[in-house]
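The block underneath contains the structure these notes are about, expressed in structure tokens.
The values are calculated or read from the model by the stated rules, or taken from the named source; none is laboratory data. Source: prediction; values computed, not measured. Here the Cβ positions follow ideal geometry from the backbone for every residue, glycine too, while neighbour counts run over all protein chains shown.
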Amino acid sequence: MNFEDFNNIDLKNAGSLPLPVKLFLLSALAILLLVAGYFFLWSPEFEAYEEAQAKEAELRQTFLSKKSQAVKIEAYRQQMIDIEQTFGALLKQLPDRSEMDGLLTDINQSGLGRGLEFVLFKPGQEIVADFYAEMPIQLKVIGNYHDIGAFATDVSRLSRIVTLNDLTIGKQGKNAEQGSLVLSAVAKTYRYLDSSEIASKQAASKKKGRK
């Protein structure tokens with residue numbers, strides 16, 4: 001192919017052009033069509049295809065995650081049943097309002113039964129939580145070391161939940177009976193709120209939220 005042939009190109013008489021020039025022009029036209037087709041037609045399709053691939057991978061991961069959860073659904077259900085049963089058992093250990101006096105008597109009798117002398121037994125103000133109320137009781141008892149230990153054990157074995165907190169043990173005084181100790185503590189017991197108390201608490205919360 002002679003480069004001088006390109007200087008004499010007459011597109012009106014393209015059919016008479018030399019064969020090498022025709023082939024070159026057709027090749028150039030094909031390349032231009034391919035480039036234009038890529039940018040205007042195929043490029044958006046490629047981008048859409050890549051987005052579809054990414055979406056497919058995301059959906060596949062979501063599917064595998066949901067499938068894993070579905071396989072374990074029975075185990076989750078059994079776990080929920082176990083939790084509800086455990087919660088119910090713990091709830092039964094909380095007295096209602098009518099049983100609180102009896103529980104306070106049980107705590108007192110546990111100390112008297114061990115020969116302890118009560119210097120202080122003072123129920124405090126209830127602290128109300130979501131579904132239960134906590135009652136602190138200030139205690140101060142006098143007795144020997146073993147009887148005080150036995151009293152703490154007896155309290156922990158009560159059918160209702162009672163905990164001893166902020167314990168301090170010291171000697172009674174100079175003129176005290178030999179071997180006597182003073183136990184100061186805060187016993188905490190709990191009771192569940194009845195339906196009317198829960199309803200009243202929820203109503204108060206809603207009223208507070210509107211302000």
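With the condition kept exactly as written, say whether any residue in segment 149-162 is modelled with pLDDT of 85 or more, of a type in the set (A, V, I, L, M, F, W, C) and under 30 Å from ALA203 (Cα atoms). Scanning segment 149-162, I find at least one residue that is modelled with pLDDT of 85 or more, of a type in the set (A, V, I, L, M, F, W, C) and under 30 Å from ALA203 (Cα atoms), so the answer is yes. May I ask you to say which residue of THR168, THR105, THR163 is within 37 Å of the chain's Cα centre (by Cα) and surrounded by fewer than 12 Cβ atoms within 10 Å (Cβ to Cβ)? Of THR168, THR105, THR163, the one residue that is within 37 Å of the chain's Cα centre (by Cα) and surrounded by fewer than 12 Cβ atoms within 10 Å (Cβ to Cβ) is THR168. Confirm whether LYS188 is modelled with pLDDT under 70 and within 24 Å of ILE137 (Cβ to Cβ). No: the conditions fail for LYS188.
The conditions of being touching a Leu at 6+ places or on another chain (Cβ under 6 Å), more than 20 Å from GLY102 (Cα to Cα), touching a residue at least 12 places away in the same chain (Cβ under 8 Å) and buried (at least 17 other Cβ atoms within 10 Å of the Cβ) are not met by ILE142.
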